[in-house]
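The values are calculated or read from the model by the stated rules, or taken from the named source; none is laboratory data. Remember, predicted model here, so these are calculated numbers, not experimental data. Please note: Cβ atoms are built from the backbone with ideal geometry, for glycine as well, and neighbour counts cover all protein chains shown.
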Amino acid sequence: MGAASVLLLWTVTTAHATPPATPTAPTPPTTTAAAAPATTGPVTHCSPGGTLRGPHGLYADVALCVTQSGATMTVQAAATCRRGADHVRPGCRISGTWTAHRHGGPTAEPTATGTLAGRADYPGPGTYDISATVDVRPDAPTDSAGTAHTTHPALHGQVRATVTLTEAKPRPSHTIGVTLKPGTTKPGTTKPGTARATTLKPGTTSTLTYTVARVSDVGDGSARLGLIGEEASGIRLTSADKRCVNPLPGRYPSTARSMYALDCALTDLQPGRPTTVTVRATLQKGACSTVVSKLGYWTPRGQESTGGMITGPTLTCTAG
């Protein structure tokens, strides 16, 4: 068992003994930096989060853990479920979302948010107040044949913990910038108005130019740039760049592609030699969608690998 697993188990046991405390749109060009991979392995910090109680004496002790690795972190929750006087301890599953605020800082704007067990950008060292809204679902007990006889009710609520992160934020290894030209109502026709748009608009086709640069000797020339719109909006992301394709999600022989997303494989990134990718974003009349960007990169370390995934600029959309 690894050190992170031992720490997680110790925290969940401690959570039962320790009651919980009471509880803009970007302006192009926009640039986001990725941090260099960590020189050490992931580091996990855990703290008791609280106890959720339900009917029939069912309750769950919840712990919150933050794992930081290079430029990213994950927030996870672990629950120990129990049932009243008979001391039954069913297994349980937990899911939910979390919000982190820097301790003592403004509460209006969170420092970071995410889904439990999902990845988020690491905000740097400091003490953070983390609040998580969770659903805990105890597993139904089974007999020797594996048949479930009783279904325990789900527990829902909010847990809170304060965690101090000590690892320095790594130096940037990559940057992502984007500029957006005005949308057009017809190919080659600039929509009347401002000379430069700052958001996407319904019924237009806008040209997005992404610039990706490697700014550190850490890593190599390979990275993948991913752009994702809102599927339900009907947005189409296309590019004449041969390094870019729309994802192919179906089984063979399906040829249907996800036009709301674009995946670009970059292989020649070097410090002092950035690359650009030009993309066309088309929105139907009355439809609006944001476009997020992600950059994934990895580097061999012996026969292992290191790297990360960072969040780049987000383009917004306004109607009218």
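Of note:
- Check on P187, touching a strand residue (DSSP E or B) at 6+ places or on another chain (Cβ under 8 Å), at pLDDT below 70 and under 27 Å from T316 (Cβ atoms): yes
- The set of residues from region 111-130 being of a type in the set (D, E) and closer than 14 Å to T311 by Cβ comprises just one member, D121.
- Lone unmet requirement of (1) surrounded by 16 or more Cβ atoms within 10 Å (Cβ to Cβ); (2) at pLDDT below 95; (3) closer than 18 Å to G96 by Cβ for G118: (1)
- Only one of the numbered conditions (1) surrounded by 15 or more Cβ atoms within 10 Å (Cβ to Cβ); (2) more than 21 Å from the chain's Cα centre (by Cα) is not met by I228, and that is (2).
- Complete set of residues in region 70-96 that are among the small types (G, A, S) and at pLDDT 85 or above: A77, A78, A79, S95, G96
- Wholly enclosed strands (runs of 3 or more DSSP E) of region 121-182 bearing at least 2 residues at pLDDT below 90 and under 24 Å from the mean Cα position of the chain (by Cα): 172-180
- Test: R251 is in a loop (DSSP other than H, G, I, E, B) and among the basic types (K, R): yes
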